[in-house]
Structure formats: structure tokens, C-alpha cells
1. Could you pull out the residue among B:S68, B:S20, B:S56 that is out of contact with any His (no Cβ under 9 Å at 6 or more places or on another chain) and within 13 Å of another protein chain (Cβ to nearest Cβ)?
2. Going through A:P65, A:P56, A:P60 one at a time, which residue ends up being more than 9 Å from chain B (Cβ to nearest Cβ) and in a loop (DSSP other than H, G, I, E, B)?
3. Report whether or not B:F158 is among the aromatic types (F, W, Y), within 11 Å of another protein chain (Cβ to nearest Cβ) and either in a helix (DSSP H, G or I) or surrounded by fewer than 19 Cβ atoms within 10 Å (Cβ to Cβ) (or both).
4. Name the single residue, out of those in segment B:106-134 being outside any helix (DSSP H, G or I) and either modelled with pLDDT of 95 or more or among the small types (G, A, S) (or both), that is surrounded by the fewest Cβ atoms within 10 Å (Cβ to Cβ).
5. Could you list, in sequence order, the residues of segment B:16-46 that are touching a residue at least 24 places away in the same chain (Cβ under 8 Å) and among the aliphatic types (A, V, I, L, M)?
6. Considering only segment B:161-172, state which residues are outside any helix (DSSP H, G or I) and aliphatic (A, V, I, L, M).
7. Would you point out the residue of segment A:39-53, among those that are open to solvent by less than 50 Å² (accessible area, probe 1.4 Å) and at the interface with chain B (Cβ under 7 Å from one of its Cβ atoms), that is farthest from B:F7 (Cα to Cα)?
Amino acid sequence: MKYKAEIIAGSVILIFAIIFLVINAGIQERLSDGEEAWGGADGQAADLIESGGYEPWFSPLWEPPSGEIESLFFSLQAAAGALVIGYFFGYYKGKRKGTG
Amino acid sequence: MHIMEGFLPSPWWQLWWLVSLPFVVLGFYQLRKMFQENREALPLLAVAGAFVFVLSSLKLPSVTGSCSHPTGTGLSAVLFGAFITSILALVVLMYQALFLAHGGITTMGANLFSMGIAGPLLAWVLYRAGKRANLNTFLVVFIAALAADLFTYMVTSFQLAVAFPASEGGITTSFAAFLAIFAITQIPLAIIEGVIVALIFKYIIDVRPDILVKLNVLSKTAIERIREAAA
């Protein structure tokens, strides 16, 4: 079958999306005002360390001043990557069509 | 898997820098050799690097009610091995440490070891072993990418556990606590990463099978077999 890999990948993502929606519904119900679920695991580990009394001895040289600016840099990272992937796959595909 | 800036006390951050450094040096050496002898493979290197960029920028929700990122290093590990992958991971970790305050300069040695070295090394070993055992190529790529992702987070948990042993129960207890945060969240993400890498691998076989043969990733007969099965 030609699209077997695509179907498998799509199904896996779909299954996890459904699981996420179901779990999220349960979490949102139990959440009190002002609380936010789905935080980062990195931050949770940092909280666990800090709860033991540890204080980080060095702080980042520069921090994104807001969540919006942080997401800007994350989007730039993804966009740059996607651009390169799309460019080379398109180049290869076009080249093959041209000669073949 | 980012250990945040300043979150590894001395001597741990220096130690992980020292452990990672030889891999980076070997990586630069292999990269230079590739630039000289195998220029055809460079676009594929760019794709593998870009893939790490994209995947590590995505913060995905997991079943545990928290979010984490895939690593994206499995593809590069299968194609180019662990040393070159460590360079790609270094670039991404630099970007995230400098612009996003994600991870940090002092903790980069540790983060590089988990994401750029330990995970990719395991992926490479599993890929080679699976290939030798004649398993389905896509299954092997899936397993390798999944393992790279999950193992990265297990190593992070270990790095934190040895630096911060619990007052009761010591390293074992703290290892379990960090695993609970990182590894369990990561299982679904690792599965997703595995299928996506396997899918990308299919497209690479489609467009440039010759480079895969040259990089000794797949044999000619294996590629012919895959193409016949897909036709």
C-alpha cells in the first residue's frame, strides 16, 4: 500500500489528540480559578529542585520579556527548520521529475 | 530535557561539559571530512538539522497534564551517527539557551550529553542492530527515534538525580522522582516522534536513495525491496 506510513502516522497523532482532549476535560473540571494545567516538565523539575532549598547560582543572560516574545522565538525556530526541510525536499523532487 | 540555567551545582556542570567535549570534537572532525569527501550528503545534513530545529521547538501536551518537547535527533543519528548529531544538537541548544532562556550555558554540557550524545548513540546502535537482524527498516527507524527521545529524558533524570540526591533514600529516590516528571510525560511524545521520523525516512528513500547507500545507511538491495513493496 502506497500511503501506509502516512495512515499510521496520522492515526497515532489522532489517537493522542483524542486522549489529550479527554484528559484535558477532566483536568479543567478539577482546576480552581487562576490555576493553569499543562505546564512544562522542565519547570516541574526545577520546582522539585527548588523545594529542596536549592537556589540556582547562575541566571540566563537574556530572558524573553514575555510569553508572547518567547513564542515568537519558538515559532522562528520551527519556521526556519520547516523552510529548510521543504526547500530540499522540493528541490530533490523537482530534480527527479525533470530528469526522469 | 532542558536543565535550566544555574540548576547544576559545581562540580556537575563542569563534569558534563568535560564528558561532552570529546564527542563534539569528533563530530567536528567527521563533519569536516564530510564537507571534503561527501558534499552530496550536505543537503541531507541540513534537513536532519532542520528536523531537530522543528521538533525541539514543539512543546507538546502529554497524558500526564504537562508539556514537553520531542528531541528530533533520531533521524540524524540514523543517517550520520551520534558525533555529527551532537553538533546539530549543540546548535539548537545554543539557540534555545541564548534566545529563549531554555536550558543554559552552564548546563549545556549536561543537556548536550543527554540530547546530543546519549540518545543518538543508543539510536544508532539500535538501528545498526535492527538492520543486521533484518527487521523491517521503518520499524527499526521508529524504534531508534523513539529510543533516542526517551533515553534523552532518562539521562536528564539521572543527571539531576546524582546532583540532587534525596535526603531520604538518596539517588535512587530522586532518580525515581525525576523519572516520574520527565520519562512518563515523554512516552507518548517519543511514540509520536518515532512515527514522524519513520515517515520522513520514507520520503528520503523516495527522493535520494543513492545518498543513503553512500552513507551506508541502507544497502542497495534493501532499497529495492522497499521500493517493490511500496509499488
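The values are calculated or read from the model by the stated rules, or taken from the named source; none is laboratory data. All values derive from a computational prediction rather than experimental measurement. As a convention, Cβ positions derive from the backbone with ideal geometry for all residues, glycine included, and neighbour counts pool all protein chains shown. Remember, those area values only see protein heavy atoms, side chains included, never the ligands or the DNA or RNA. Shrake-Rupley method; radii C 1.70, N 1.55, O 1.52, S 1.80 Å.
1. So the residue among B:S68, B:S20, B:S56 that is out of contact with any His (no Cβ under 9 Å at 6 or more places or on another chain) and within 13 Å of another protein chain (Cβ to nearest Cβ) is B:S68.
2. The match here is A:P65.
3. Against the criterion (among the aromatic types (F, W, Y), within 11 Å of another protein chain (Cβ to nearest Cβ) and either in a helix (DSSP H, G or I) or surrounded by fewer than 19 Cβ atoms within 10 Å (Cβ to Cβ) (or both)), B:F158 does not qualify.
4. Applying the filter and picking the extreme gives B:A133.
5. Those that are touching a residue at least 24 places away in the same chain (Cβ under 8 Å) and among the aliphatic types (A, V, I, L, M): B:L18, B:V19, B:L21, B:V24, B:L26, B:L31, B:M34, B:A41, B:L44, B:L45.
6. B:A166
7. First pass over segment A:39-53, keeping only residues open to solvent by less than 50 Å² (accessible area, probe 1.4 Å): A:39-43, A:45-46, A:49.
Remaining after also requiring at the interface with chain B (Cβ under 7 Å from one of its Cβ atoms): A:39-42, A:45-46, A:49.
Details: A:G39: 18, A:G40: 16, A:A41: 14, A:D42: 11, A:A45: 10, A:A46: 7, A:I49: 8 Å.
Checking each candidate, the answer is A:G39.
For every residue, the table says whether it meets (1) open to solvent by 10 Å² or more (accessible area, probe 1.4 Å); (2) not hydrophobic (A, V, I, L, M, F, W, C).
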{"residue": "B:M34", "(1), (2)": "yes, no"}
{"residue": "B:E37", "(1), (2)": "yes, yes"}
{"residue": "B:L45", "(1), (2)": "yes, no"}
{"residue": "B:F53", "(1), (2)": "yes, no"}
{"residue": "B:V63", "(1), (2)": "yes, no"}
{"residue": "B:S66", "(1), (2)": "no, yes"}
{"residue": "B:H69", "(1), (2)": "no, yes"}
{"residue": "B:G72", "(1), (2)": "no, yes"}
{"residue": "B:S76", "(1), (2)": "no, yes"}
